[in-house]
Amino acid sequence: MKRSLTAGSALVLLMSFLTGCATNGDKPADTKTANDNAKPKKEVTLKIFQAKVEISEQLNKLKDEYEKTHPGVKVQVETVIGTDYNTILKTKFAAGEMPDIFNNEGFQQLETWKDRVEDLSDQPWAKDVFDFAKEPTTINGKLYGMPVSLEGYGFVYNKDLFAKANITELPKTLSQLEDVSKKLQANGVTPFVNMFQVWSSLGRHFFNNPMAKQPNTDAFIKDLNDGKAKFAGNPIFADSLNMLDLIVKYGNKNQLTTDYNSFIATFGSGQAAIMQSGNWTLPLIQKIDPKINVGLMPIPINEDAALNDKLFVGVPNNWVIHKDSQVKPEAKEFLNWLVTSDIGKNYLTKEFKFIPALKTIPADAASVGTPGEDIAKYLKENKVLGWHWPKYPDGSPQEMAASLQKYIAGKVNRDQLLAEFQGTWDKMKTK
């Protein structure tokens, strides 16, 4: 089956999101844990390595709050952009400098690290994680990660720029998307800002669109691994390239050299009306324009409105603990405090602006803003598809992105591009 959120789990999440009523059995979540007042015999350092640059500043403030209530524990937070994260993590491991807590996407990436991460099944918060959010880090019934949050992506769009161009209906087909692009352009606005220098924009987000829209994504991935499926001749992949051609045509200048900072700055300052991204960008674009009025809409690739009218929702990352950490009790205590203390929950929902993946923590509607509300709406209607790149062969998203960059630059045609996709998958799946 295609990995998507079930209607039942979506409704539970939505009720938590909208009502703000969190329960933990028959009594409220405990704001203190057993070790809150226990001083370690000696000062210890807890090293955290994470990939969400959007919360770097807030996470360092959270660290200070934690140290105030946990004497003797010093927390070091290191943040790197997600595109560099796995490479640097492997370098740390090779150098014997592994962090105590770090991020893992789950699925294929968890397979890579499963012998080096701690089983967290017995932790008090584990029972509160939404079942679908446990899936990426569960192996043989054991839970190895705490989901960082739930996120959704599609096209983030500027509502005010849409209104000025007299766009009253969101596009659900590729032809409608082109009509919207023409109206924006005629109104003096660049329709799309694309950051094709950044491999994740292509190798994760773009590539996931046709993968998630296969009739049965998991079966398609299995067939690719078994040599029974091909990218060439797949109609959904052909449609996705039509969409790519369109956003390139109506996109910003220098798309292949646009990095993440320029991407956010261009959209946040109103120089472009649409960007392929998700609700996680809200804190960054609000730094540029606190009053920016944005929404989140699906990414159409063809004329099938029902197929296109879906957002992609998943767990972006998980907290895992290094199995051989010298401070495992402190690492477990930190994660438990993060999701049970009033301070931790406040940071998760209001400072990080996360949609939590635990039933006991409702999202803060004011903090997640309209993009978060759009995700809740699509969850309620069960119009969501999953994130599948953690299931791909290790390293293949970066290679797919490199091939797509060549296609955008005009160095390969469609047939050559699809052949490169196939060659990459076949090569990487054997590693």
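The values are calculated or read from the model by the stated rules, or taken from the named source; none is laboratory data. For clarity, every value in this text was computed on a predicted model and none was experimentally measured. Cβ: placed from backbone, ideal geometry, glycine included. Neighbour counts: every protein chain shown. With ligands, DNA and RNA removed, areas are computed over all heavy atoms of the protein, side chains included. Shrake-Rupley method; radii C 1.70, N 1.55, O 1.52, S 1.80 Å.
Right, residue 349: part of a loop (DSSP other than H, G, I, E, B) and either touching a residue at least 12 places away in the same chain (Cβ under 8 Å) or more than 24 Å from residue 138 (Cβ to Cβ) (or both) or not? It is false that residue 349 is part of a loop (DSSP other than H, G, I, E, B) and either touching a residue at least 12 places away in the same chain (Cβ under 8 Å) or more than 24 Å from residue 138 (Cβ to Cβ) (or both). For the range 303-338, a residue qualifies if it is among the small types (Gly, Ala, Ser) and out of contact with any Gly (no Cβ under 8 Å at 6 or more places or on another chain), and the qualifying residues are 305, 306, 325, 331.
I'd like the full set of residues that are without any contact (Cβ under 8 Å) to a residue 24 or more places away in the chain and either touching a Cys at 6+ places or on another chain (Cβ under 7 Å) or of a type in the set (S, T, N, Q) (or both), limited to the range 52-85. 56, 60 - these are the residues of the range 52-85 that are without any contact (Cβ under 8 Å) to a residue 24 or more places away in the chain and either touching a Cys at 6+ places or on another chain (Cβ under 7 Å) or of a type in the set (S, T, N, Q) (or both).
Only one of 186, 163 is open to solvent by 20 Å² or more (accessible area, probe 1.4 Å) and in contact (Cβ under 8 Å) with a residue 12 or more places away in the chain. Can you tell me which? First the steps, then the outcome.
Numbers: 163 fails: in contact (Cβ under 8 Å) with a residue 12 or more places away in the chain.
None of the others qualify; the one that does is 186.
In this structure, residue 379 does not satisfy being closer than 30 Å to residue 94 by Cα and not β-branched (Val, Ile, Thr).
Evaluation of residue 411 against the conditions (1) in contact (Cβ under 8 Å) with a residue 60 or more places away in the chain; (2) open to solvent by 10 Å² or more (accessible area, probe 1.4 Å); (3) over 26 Å from residue 124 (Cβ atoms) shows that the sole unmet condition is (1). Scan the range 47-68 for residues that are open to solvent by less than 40 Å² (accessible area, probe 1.4 Å) and in contact with a strand residue (DSSP E or B) (Cβ under 9 Å, 6 or more places away or on another chain) and jot them down. 48, 49, 50, 51, 52, 55, 56, 59, 62, 66 - these are the residues of the range 47-68 that are open to solvent by less than 40 Å² (accessible area, probe 1.4 Å) and in contact with a strand residue (DSSP E or B) (Cβ under 9 Å, 6 or more places away or on another chain).
Residue-level check: of (1) open to solvent by less than 50 Å² (accessible area, probe 1.4 Å); (2) within 30 Å of residue 305 (Cα to Cα), residue 113 misses just (2). Number of residues in the range 293-332 that are open to solvent by 20 Å² or more (accessible area, probe 1.4 Å), of a type outside the set (A, V, I, L, M) and more than 23 Å from the chain's Cα centre (by Cα) equals 10.
I'd like the residue in the range 267-289 that is surrounded by fewer than 20 Cβ atoms within 10 Å (Cβ to Cβ) and at pLDDT 95 or above and, out of all such residues, is nearest to residue 195 (Cα to Cα).
Restricting to residues being surrounded by fewer than 20 Cβ atoms within 10 Å (Cβ to Cβ) and at pLDDT 95 or above, the top hit is 271.
If we scan the range 125-143, do we find a residue that is open to solvent by 70 Å² or more (accessible area, probe 1.4 Å), assigned to a helix (DSSP H, G or I) and small (Gly, Ala, Ser)? The answer is no; no qualifying residue exists. Among the residues making up the range 202-259, those that are over 15 Å from residue 400 (Cβ atoms), among the hydroxyl-bearing types (Ser, Thr, Tyr) and either modelled with pLDDT under 95 or buried (at least 20 other Cβ atoms within 10 Å of the Cβ) (or both) are 217, 250, 258.
Condition check ((1) modelled with pLDDT of 95 or more; (2) outside any strand (DSSP E or B)) across all residues:
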position	(1), (2)
319	yes, no
336	yes, yes
353	no, yes
367	no, yes
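I need the full set of residues from the range 335-377 which are aliphatic (A, V, I, L, M), closer than 15 Å to residue 150 by Cα and surrounded by fewer than 21 Cβ atoms within 10 Å (Cβ to Cβ), in order please.
As a first pass, look at the range 335-377 and keep what is aliphatic (A, V, I, L, M): 335, 338-339, 343, 348, 355, 357-358, 361, 363, 365-366, 368, 375-376.
Adding the requirement that they be closer than 15 Å to residue 150 by Cα leaves 339, 348, 355, 357-358, 361, 363, 365, 368, 375-376.
Scanning the range 335-377 gives a single hit, 365.
On the stretch given as the range 70-105, residues that are touching a Phe, Trp or Tyr at 6+ places or on another chain (Cβ under 9 Å), closer than 19 Å to residue 199 by Cα and either assigned to a helix (DSSP H, G or I) or not acidic (Asp, Glu) (or both) total 9.
Out of 387, 425, one residue alone is surrounded by 20 or more Cβ atoms within 10 Å (Cβ to Cβ) and either among the charged types (D, E, K, R) or outside any helix (DSSP H, G or I) (or both). It is 387.
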